[in-house]
Every structure is written in C-alpha cells, then in structure tokens.
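This report concerns only the one structure given below.
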Amino acid sequence: MTLTGKMLIGQQLLGGTRDVIRAINPATDAPLEPAYAGGSGEHVEQACALAWAAFDRYRETSLAQRAQFLETIAENIEALGDTLIERAAAETGLPVPRIQGERGRTCAQLRTFARTVRAGEWLDVRVDTAQPQRQPLPRADLRQRHVALGPVAVFGASNFPLAFSVAGGDTASALAAGCPVIVKAHAAHPGTSELVGRAVAKAVSDCGLPEGVFSLLYGSGREVGIALVTDPRIKAVGFTGSRSGGIALTQAAQARPEPIPVYAEMSSINPVYLFAAALEARSAALAQGFVASLTQGAGQFCTNPGLVIAVRGPALDRFIQQAADLLSRSAAQTMLTPGIFSAFQAGVGALSQHAKVVARGVPAQGPNQGQAHLFVTEASAFLTNEHLQAEVFGAASLIVACADSEEVRQVSEQLEGQLTATLQMDEADLANAKALLPVLERKAGRLLVNGWPTGVEVSDAMVHGGPFPATSDARSTSVGTAAILRFLRPVCYQDFPDALLPTALQQDNPLLLRRLLDGQREA
Ligand code: NAP
C-alpha cells in the first residue's frame, strides 16, 4: 500500500493545508516520506459533522454488527502485513519483534472488545417492574440501559504506535460503546497512522456503516487538537501522553459551554517496595527483575518502575550494588523521537542535581539513544524536594532509602497518584505490607505482589488508571474491557410501552441479557 500523506475524513482522503509533519527515523535521524500537511479547523469541522451524522445510526447497530466491525478492523490490520511492521519500526526505532507483538496485542484487543460487545453486560440492563398496588404510592415501570456518549476524540500515543494509537485501546473501547471516533494522529508516526487509519476506514465500508464512524486527522495539538476537544459535537476525549498535554486538553474540555470528560493517562513513577525479608532473601533476583523492567523498551512505558522504596541496611546496599552492576552493562537504546530523547536527557540532568547517580548504562553509540540511569537518595531529601517525584520518561529510576517502616509510610503518603505500586515481599513481610496497603489503595490503580509493573494485560479485571496525575479521572481504566464504561451513560425509560422500548429492555429479553430484574441478577 502506498502512503498518500493525506488525512481520512470519513471515506475521503484529503490533503492538509497547515505545516507539514514528516516522520523521522530516530535510529538515523533521517526524515521519512511522505510529508503530511497538517489539518485545520475546517477539517475538524468536516470530521465532526460526519461523526455527528453517523452517531444515531452507529450507536443503534446490533451487538453482532458492531462486534463484527471490530473484528473486521483487526483482520484489515493483519492484512497490511510487513508493510505496517516495517513502517512502524522505521518511525519509532522500536525493534521489529516488539512491533509484531504490539500488532498482536492491538488485534487481540479489538477482538476482546468484540466479545465484550456481543456479551452485552456493558448495557447494564436493570428492570424494576411496575407495582401499581404499592402503598402508599404505586411504582412506575423503570428500565435502565447504557447508551453511547457521542463522538469521541482520541489522541494517539507516541509510545504505543499501534496498541494506543489509531486503532488502539481508546478507539476500540469507544467504537465498542457505539461512539464514532476522530483520531488526531501522533506526529511521531504519521505513516503507521495512515496505514492503520485506512484499515479502519475500509472496515467501515466493508461493514456498510456510515462513513463518519471514523476519521483520522493530522496537525498541531494546539490547533487541530484544541478544535476537536472544543467542538460541541465531541462528547469525550481519550489521551495518553505528557502531563502538560493532558492538563491542557482537560482544561479546554472543562472550559466549554458544555464541559465533557477527558480520560487522560499522563504521568506515573510506579513505586516498587522492597520489603525487608524479600530483600534479605533474594536481592540479586530482585535486582535482575528490576533492571530488566526498567530498561525494557528504553524505559518508555507509563508503568516503568521509576521509584524504589526500601529501609536502608546491608541488604539494600547489596541490592543497589547488584542493580548498579547490571544497569552499567545495559546498552543504550534508541528512543521514540528526538523530542522524547531530549526530554529524557533533561530529566536525567535535573535529577542529577538533586540525587546521587549510582550507575549509568553503556554510553550511546548512535543518535537519540537513551543511556540508563540509576539514582539514590535519602527519604528525608525525598520528603522535602518535589523535583525528586518528577517523571523521567525513559530508563531512569530513583532508590529512596528510608530509616524505618514509618519513614516508608511517610514517603508513600507524599506520593502523587500512580498507575501501579509493586510489593516485593515474602511471608515475613506480610504485616508491614498490610499496614501500607490503605495508603497504596489511595494512591494507585493497580497493586502488584512479586511482579514488575511493565506489561499490562488486556482483560476484564485490569485497571490501567489511578489518581491524578496518573490519570485525569481516577474512576476509569484505559486498558481492559472496563475501558468501555468511559464512553457510556445510563438512560432510564419510565412506563414505556414494549413497542417503544429499545430491544435490550423489552419484556421478553430478546437479546438474552443477564438483567438485574426486581433486584435479582438473572442467571
Ligand atoms: P505529548 O507532548 O503530550 O503529545 C501527545 C499529543 O497531545 C500530541 O498529539 C500533541 O500534539 C498533543 N498535545 C500536547 N500538548 C498539547 C497542548 N498543550 N494542547 C493541545 N494538544 C497538545 O506527548 P508525547 O509527544 O507522546 O511525549 C512527550 C512526553 O510525554 C514524553 O517525554 C513523556 O514525558 C510523556 N509521555 C508519557 C507517557 C505515559 O504513558 N505516561 C506516554 C508518552 C509520553 P502535537 O502533535 O502538537 O505535539
């Protein structure tokens, strides 16, 4: 498939009119063809008009039709074959096996949402049948289901060119909910975005859906992004990226005459707790697991373990030495973009002003290669210096040495909201871990025991969320099937004749849904 450098507004390929975006291969610094001219407010207007026109029809597609649409997107992405893999690898510097794995995850995610749509649990059907004889007042017939919020704007993430971009988790969950989607492509991988965008647009046409169900725009966040978020026809936003970007979009959405929800996944340093017995028994294995998790993918994961917390002593000293040895042998890796590389350099430089460097990885051999860094500081410094909590996106982590469990608790209380918190513990650590749990439940969206935070399963029970600044809305997850709930709202139908009710709520339950019927969950 030849890349066109054009946006997709519904089924139409349209050239932009604003500044040109050209992908850069971060491994060589070479620009990649073609150029993508950015869209303008007019393009946003066209995409939003189409999305709005498609909304009522798309949201009432049958469960089977919508599920089939998601499966068709997955098939069309797979049909792109090596063209997609090669382009994504060139645009991101990520190794081919990683991109292949991410394509697998993206397609599996779409199919998981297809299963979710078919099962229909997300409709959350509740029926309170009428009680005309009830005293002192009769009860009306009340029936509730969930409906789609409306067209959703999705901002592609730089660090997951497939799984969190054009047909990634935000798009899949919004489409599953019945919301048309308009994606603003990330400037780092426009060619990958075009390929996937065309696979989605083809699925729209293959499935006979209205063209406005999907559009793909290029252009600046400050123009196209803000125009999208402030368009009255957009009813929710999905975003993964920087804290400043997420806050800017959230504020724009809140300042609208009709404010809308923004689900922004932003910044997290993912504390790892090394409890005393675990540290004493297996510091070498912990160091190995930690350095592998920290350096995986050049550290460019939102769940990267950027903070390690432990009580000081000989066992922690051993861990630091072992981790430092391993890290100093880790190769520098190409980062996603020159911008992300320079932000990493700046972050490491800033952290060096406030904490002691205990190890650096192998120096860079080529452009945009991040050199892993490990820092150590005392809890007393951490408690009084906010710079030590800043996310450094990449392979950099800070070990905080505490005097005792009370100081571990104080450090934990000081933490901002997190996507994850990890407990490395043995049986003898149970009491200390239990004592810390109430603090960690307040701070993080996912708590792990004896694992590492990188690697996020797409499943029913997953939570990839957490209090600010991990996300802008701690009540939600952006990974896993519960992500669909972000794009739904409940509607109650009172005393409707059966013929006027949506199919999901009709008396004889034609969709065979497990309803909550007069307070009892149906089998
Ligand atoms: P980003 O700068 O936040 O950009 C993400 C998207 O948001 C882009 O489409 C961008 O548009 C748009 N945007 C950013 N600021 C905006 C604003 N003020 N108004 C409107 N739109 C705006 O993120 P990035 O490019 O992926 O990476 C930059 C940094 O983000 C990294 O160094 C890292 O610190 C952080 N990051 C964190 C995670 C995480 O998972 N926690 C993931 C990726 C990145 P433009 O096209 O105009 O830039």
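The values are calculated or read from the model by the stated rules, or taken from the named source; none is laboratory data. Fair warning: this is a prediction, and the values are worked out from it, not measured in the lab. For neighbour counting, all protein chains shown are included, and Cβ atoms are generated from backbone atoms with ideal geometry for every residue, glycine included.
Can you tell me which residue in the range 319-345 is surrounded by the most Cβ atoms within 10 Å (Cβ to Cβ), limited to those that are part of a loop (DSSP other than H, G, I, E, B) and within 11 Å of the ligand (Cβ to nearest atom)? Break it down stepwise before answering.
Our first condition is that a residue be part of a loop (DSSP other than H, G, I, E, B); within the range 319-345, this holds for 329-332, 335-337.
After this cut, where a residue has to be within 11 Å of the ligand (Cβ to nearest atom) as well, the list is 335-337.
On the way: MET335: 32, LEU336: 28, THR337: 22.
Among those that are part of a loop (DSSP other than H, G, I, E, B) and within 11 Å of the ligand (Cβ to nearest atom), it is MET335.
ALA504 fails exactly one of the following numbered conditions: (1) part of a helix (DSSP H, G or I); (2) without any contact (Cβ under 8 Å) to a residue 12 or more places away in the chain; (3) not charged (D, E, K, R). What is the number of that condition?
Tallying (1) part of a helix (DSSP H, G or I); (2) without any contact (Cβ under 8 Å) to a residue 12 or more places away in the chain; (3) not charged (D, E, K, R), ALA504 fails exactly one: (2).
Kindly indicate whether THR192 is out of contact with any strand residue (DSSP E or B) (no Cβ under 7 Å at 6 or more places or on another chain) and assigned to a helix (DSSP H, G or I).
Numbers: out of contact with any strand residue (DSSP E or B) (no Cβ under 7 Å at 6 or more places or on another chain): yes; assigned to a helix (DSSP H, G or I): yes.
Here the answer is yes, as THR192 does meet what is asked.
Would a scan of the range 80-91 turn up a residue that is surrounded by 22 or more Cβ atoms within 10 Å (Cβ to Cβ), in contact with a Leu (Cβ under 9 Å, 6 or more places away or on another chain), under 19 Å from PRO190 (Cα atoms) and among the acidic types (Asp, Glu)?
Filtering the range 80-91 down to residues surrounded by 22 or more Cβ atoms within 10 Å (Cβ to Cβ) leaves 84, 87-88, 91.
This time we only want the ones that are in contact with a Leu (Cβ under 9 Å, 6 or more places away or on another chain), so: 84, 87-88, 91.
After this cut, where a residue has to be under 19 Å from PRO190 (Cα atoms) as well, the list is 84, 87-88, 91.
Narrowing further to those that are among the acidic types (Asp, Glu): 91.
Looking through the range 80-91, at least one residue is surrounded by 22 or more Cβ atoms within 10 Å (Cβ to Cβ), in contact with a Leu (Cβ under 9 Å, 6 or more places away or on another chain), under 19 Å from PRO190 (Cα atoms) and among the acidic types (Asp, Glu).
For the range 230-318, list the strands (runs of 3 or more DSSP E) that sit wholly inside it and hold at least 2 residues that are aromatic (Phe, Trp, Tyr), away from the ligand (no atom under 15 Å from the Cβ) and more than 23 Å from SER380 (Cβ to Cβ); which are they?
In the range 230-318, there are no strands (runs of 3 or more DSSP E) which contain 2 or more residues that are aromatic (Phe, Trp, Tyr), away from the ligand (no atom under 15 Å from the Cβ) and more than 23 Å from SER380 (Cβ to Cβ).
Please specify each residue of the range 381-426 satisfying the condition of being away from the ligand (no atom under 16 Å from the Cβ) and within 21 Å of the chain's Cα centre (by Cα).
The one that is away from the ligand (no atom under 16 Å from the Cβ) and within 21 Å of the chain's Cα centre (by Cα): THR422.
Filtering the range 23-63 down to residues that are of a type in the set (D, E, K, R) and in contact (Cβ under 8 Å) with a residue 40 or more places away in the chain, which residue is farthest from GLY225 (Cα to Cα)? Walk me through how you get there before you give the answer.
So in the range 23-63, the residues of a type in the set (D, E, K, R) come out as 29, 33, 42, 45, 56-57, 59-60.
Remaining after also requiring in contact (Cβ under 8 Å) with a residue 40 or more places away in the chain: 29, 45, 57, 59-60.
Details: ASP29: 26, GLU45: 12, ARG57: 26, ARG59: 24, GLU60: 28 Å.
That would be GLU60.
Taking the condition more than 16 Å from the ligand (Cβ to nearest atom), without any contact (Cβ under 8 Å) to a residue 60 or more places away in the chain, over 22 Å from PHE275 (Cβ atoms) and under 27 Å from the mean Cα position of the chain (by Cα), does ALA461 pass? Step through it out loud before you land on a result.
Numbers: more than 16 Å from the ligand (Cβ to nearest atom): yes; without any contact (Cβ under 8 Å) to a residue 60 or more places away in the chain: yes; over 22 Å from PHE275 (Cβ atoms): yes; under 27 Å from the mean Cα position of the chain (by Cα): yes.
In short, yes.
Have a look at VAL456, VAL400, VAL449, VAL411 and point out the one that is under 18 Å from GLU280 (Cβ atoms), among the β-branched types (Val, Ile, Thr) and modelled with pLDDT of 95 or more. Step through it out loud before you land on a result.
Numbers: VAL456 fails: under 18 Å from GLU280 (Cβ atoms); VAL400 fails: under 18 Å from GLU280 (Cβ atoms); VAL411 fails: under 18 Å from GLU280 (Cβ atoms).
Result: VAL449 is the single residue among VAL456, VAL400, VAL449, VAL411 that is under 18 Å from GLU280 (Cβ atoms), among the β-branched types (Val, Ile, Thr) and modelled with pLDDT of 95 or more.
Do any residues in the range 203-221 that are farther than 10 Å from GLY10 by Cα have Cβ atoms under 8 Å from those of residues that are within 16 Å of the ligand (Cβ to nearest atom) and among the basic types (Lys, Arg), where the two are at least six apart or on different chains, and which pairs are they?
Here the result reads LEU217/LYS184; TYR218/LYS184; GLY219/ARG18; GLY219/LYS184; SER220/ARG18; GLY221/LYS184, each pair linking the range 203-221 to a residue that is within 16 Å of the ligand (Cβ to nearest atom) and among the basic types (Lys, Arg).
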